[in-house]
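Below you'll find the structure, written out as structure tokens, and then a few comments.
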Amino acid sequence: MSVSRRTRRTLSAVLLLAVLATAIGALGEWAARREAGAQLDTIRRAIEIHTLGLRGAAERFAYLPYAISRQQEVLALLAHPQDPALRDQADRYIEALNQRAGSDALYLIDTRGLTLAASNWQEPQRSFVGQNYANRPYFADALAGRDGRFYGLGQTTGEPGLFLSTPVREREGGPVVGVAVVKVSLREIEATWATVRDPILLSDAHGIVFLASVKDWMFSSRRVLGTAELGDVHRQLQYGPREAFPLLDWADPHEPAEAAGYALRTTLDGRPRSFLAVDQPLPEFGWTLTVTADRAPVAQARERAWLLGTLSAVVLLLAALYWRLRERRFAEQRDIQRQLELRVRERTQELDQAHAFRKAMEDSLLVGMRARDLAGRIIYVNPAFCEMCGYGAEELLGMLPPYPYWHPQDLDKHWRDYETTMAGRSIVSGFESRIRHRDGHDVITMVYTARLIDAEGRHTGWMSSVVDITAQKAAEAQQRERDEQLWHAQRLASLGEMALTLAHELNQPLMALTNFASAAKAFAAQGQQALLAESLDETMKQAQRSAEIVRRIRGFVRQHGIVAEDCAIAPRVAAALALLQGEIRARRARVDVRVEPDLPPVRGDSVLLEQVILNLVLNGLQAMDEAGTPAEQRLIEIDAERDGARIRLRIADRGPGMDEAVAAQAFTPFFTTKSGGLGLGLNICRTIVESHRGTLAFANRPAAQGGGAVFTLELESAS
């Protein structure tokens, strides 16, 4: 019987040790997967940031080739390439445009691949003029009527860059007579990558690394290149005279890793390293972006979990042994006392574990936590909040307002927010607050506050969650700036389409000025004062008319920050139609405007709203003109009405409308049915409207009601 009991105890101990070992192993694997998941999240965020940076660098100068392709100096030089005067004019124009834009280089190529004009024409050793780039893919793409993109080393300078090209045509839909190219440097991105902790690289469609934070990886290949691929690279001189591209020193580059991505092993700075890597294709460039993260923290997390589990198991085993010895020692005591001691011990252990768990959870939070009593005294801060403001917990605990992290320029707002919180009137959605870090930099935060209730249900203070949104605010400001530049470029493109009619608009008052001035001179010689005064009055009216036309154009073209103001619909419609008067007459169309007189204003930017109205009206005029609509039926109808808290503006034409396939992509960027169009007009219109918290929709009008297209714009009323 004694042997059997000892055997059972031994088996129980072995089973317990096996269970503990399995649990510790599972805990380690869980910690490793958790750390790997965190690394993957970090890599994905980094990919988003680097992708935005690469696309922003390309799109920043993408308009330049199209801009020079529309200039008369460029078209004249392509028609007469041997004329030195035309070459000089084109060189100076391209040089000035390149200096204003800040691009690396800008140049013009004829259909044979020979450079006729360039922004660096005054640099004899580096000038592109006279160089032949017919072997470059961006030249072949543009010659075929497509926009081209190509990254490589310059054939003339040997400096790397991204080449963006566009075809040059004498007229829309005409044959290609030349190619306009801009060279964009990625030096800023390369400098940024040089500061990152873990490797990051960019490879082309052949797998050749052309941009990397590790210099030894430059111009290496991720796979073995075929003879045809090497022939293309050598023929295009994409990476200069290099004959070979050695394979990257990566071991097991496709070994499966935790959750996603893949693991790779390599040697950096003389020591072996292991990384978790994720590839992000950039199809518009034909590139692949690879971002990595050191896998050492994954192994460390697993080892820490094993150590913690082992220590916990040892503690539990020691506690169990101690409890057994204590049980034997006090076995003779009364059962009630033993049960009471056991309950106290278990409750104490639960409280200790709960406290340790809560403290670990609070210390691991990325959100700042701050608790204050009813008097406003700080009674608790977590590490995330201390890191956010730069002050330690020992410095903040017990402090009353004003707190040291309050921004000196926002003291009045801080006091108002404090008083609102103490009065229990804080909004559930939180409020934005700018604080000053101890080292002097500003931190933008979002603060959410709730009541602090003790165990007895009493209100003892306020608990606030503080989220750092500084990076988010900076990203939003950068996006607004890019949107504003795109909107401004579209306004310039719209005015470019209306250039002839606007010139005609100005020509009429200028001719009238000449006629009235001649008449005034004759009347003055004849002494006819009444007729002289009448002629001078008419001269002043025509001068004011010319000035008004110029003022409208300048106001529409000027780039400015987005301004929120109360905008009446009728003046915005009138301003847009004033700019389009010449276009309307040239296309023999009529405009019928029906706007309710007591219509309340909307909240927004007047120039951007005029741009939306002008683009939609101009689209309607062009649609009727291209469809051959009879002159007596060319009518643009504009009506506006109030619908509850929103203002609805409709712009309808009598054109052919759109079929279902075109309508489905009408607002898609770069989709267009116009010859030579950019495909950005309707997309920009919708972006502007949505930035005003509005909607823009399209519908075909039934033939029984006149046919054509109807665009409906809805905006929130300001009142």
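The values are calculated or read from the model by the stated rules, or taken from the named source; none is laboratory data. Note that the structure is predicted; figures quoted are calculated from it, not measured. Here the Cβ is made from the backbone with ideal geometry for all residues, glycine too, and neighbour counts use every protein chain on show.
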Practice prompt. Would you tally the residues in the range 89-101 being within 21 Å of Arg187 (Cα to Cα) and without any contact (Cβ under 8 Å) to a residue 12 or more places away in the chain?
Written response: 1
Item to complete: With the condition kept exactly as written, say whether any residue in the range 342-364 is surrounded by fewer than 16 Cβ atoms within 10 Å (Cβ to Cβ) and modelled with pLDDT of 85 or more.
Response: no
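From the list Glu610, Glu637, Glu714, which residue is out of contact with any Gly (no Cβ under 6 Å at 6 or more places or on another chain), at pLDDT 85 or above and either acidic (Asp, Glu) or not in a loop (DSSP other than H, G, I, E, B) (or both)? Break it down into steps so the answer makes sense when it comes.
On the way: Glu610 fails: at pLDDT 85 or above; Glu714 fails: out of contact with any Gly (no Cβ under 6 Å at 6 or more places or on another chain).
Only one candidate qualifies: Glu637.
Please specify each residue of the range 167-199 satisfying the condition of being among the small types (Gly, Ala, Ser), surrounded by fewer than 22 Cβ atoms within 10 Å (Cβ to Cβ) and outside any loop (DSSP other than H, G, I, E, B).
Here is the first cut: in the range 167-199, the residues among the small types (Gly, Ala, Ser) are 173-174, 178, 180, 185, 191, 194.
With the extra rule that they be surrounded by fewer than 22 Cβ atoms within 10 Å (Cβ to Cβ), the set shrinks to 173-174, 185, 191, 194.
The one that is among the small types (Gly, Ala, Ser), surrounded by fewer than 22 Cβ atoms within 10 Å (Cβ to Cβ) and outside any loop (DSSP other than H, G, I, E, B): Ala191.
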Discussion item. Need pairs with beta-carbon distance below 9 Å; first residue among the hydroxyl-bearing types (Ser, Thr, Tyr) and within the range 579-606, second in a strand (DSSP E or B); sequence gap 6+ or separate chains.
Written reply: Ser606/Glu565; Ser606/Cys567
Worksheet item: Which one of these is touching an Asp or Glu at 6+ places or on another chain (Cβ under 6 Å) and surrounded by 14 or more Cβ atoms within 10 Å (Cβ to Cβ): Ala46, Ala36, Ala57?
Response: Ala36
Worksheet item: From the list Leu225, Leu202, Leu164, which residue is in a loop (DSSP other than H, G, I, E, B) and aliphatic (A, V, I, L, M)?
Response: Leu225
Worksheet item: Looking at the range 380-400, which of its residues are in contact (Cβ under 8 Å) with a residue 24 or more places away in the chain and loosely packed, with under 15 Cβ neighbours inside 10 Å?
Response: Leu400
Discussion item. Out of Leu264, Leu186, Leu201, I need the residue that is modelled with pLDDT of 90 or more and under 24 Å from Ile43 (Cα atoms). Which one?
Written reply: Leu201
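Out of the residues in the range 221-235 meeting the condition of being buried (at least 18 other Cβ atoms within 10 Å of the Cβ) and at pLDDT below 90, tell me which one is farthest from the chain's Cα centre (by Cα).
By that ranking, first place goes to Leu225.
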Discussion item. I need the full set of residues from the range 115-144 which are within 25 Å of Gly173 (Cβ to Cβ) and assigned to a strand (DSSP E or B), in order please.
Written reply: Leu116, Ala117
Worksheet item: What residue, among those in the range 103-135 that are in contact (Cβ under 8 Å) with a residue 40 or more places away in the chain and among the acidic types (Asp, Glu), is farthest from Gly154 (Cα to Cα)?
Response: Asp110
